[in-house]
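Encoded as structure tokens, the structure appears first; notes follow it.
Just so you know, all these numbers are worked out from the coordinates, no wet-lab data involved. None of these values were measured; they are calculated from a predicted model. Neighbour counts run over all protein chains shown; Cβ positions are idealised from the backbone, glycine included.
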């Protein structure tokens, strides 16, 4: 079996020492393959085009994984990936118990084996499970969550600001609600609505029957164990809840199941931590992939 590793050297928890350990583990295994480090998408594209494989191990966070899978979708027939949790955001890896958060930080500090290295050892020993997943297809890109309007603002502006945590949330929400450009005409399957101040769709296997959009009066949020939530809170409730509920599942949810979500005008949106702009936005399910896990 041929295994190619693609490691983002700009990932939040990248370590040259850890990459060298991956290389040694692969060399001592029964697998053919190689571990590459990349610094840009051009590097990733070149490796995928010139190194066919049965499995691609992707070292980085959610953004690295989704961008690499986008390139696999364009340049490879392989649809089997193994996430190595080296990023800042590792929600996908954490869902599959491939990331231990703070515990992995401690392990790396003490030069102990983090979850990513433990998992790679299992891969090299053919000790893994294969699980199906259908990510989102966002225009022509692959992703695991996408947000517009106030969801985009909370993710984008919130991360840019250095104010005290509650003030960041309150200021971001206030500015977003005051922006008249955030009321999108959204097509949800056969339904059309202009009541949305943004939508958020995410895919994780425990709640992946269909795409879910939400009428956003605030970001209900998602954890690695919860797909998403939507709220219809008043502005007063929103302000009272904001300091402590940015990534907490809230009550009063409203799920909308649909085959696709479409915005037929220019829009700014977030995908797995990165911001994009497009003339239109179309979100649907991608073709099936296989995620390798413990």
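At a 10 angstrom cut-off on C-beta neighbours, averaged per residue, how do the peptides 52-59, 103-110 rank from highest to lowest?
Those peptides, ordered most packed to least, come out 52-59, 103-110.
Under a point spin-label approximation (7 Å from Cα along Cα-to-Cβ), what is the residue 27-residue 139 distance to one decimal in nm?
The modelled label-to-label distance comes out at 4.2 nm.
What does the extension gain come out to for residue 42 and residue 17, with contour length at 0.36 nm per residue minus their alpha carbon separation?
Computed gain between residue 42 and residue 17 is 6.6 nm.
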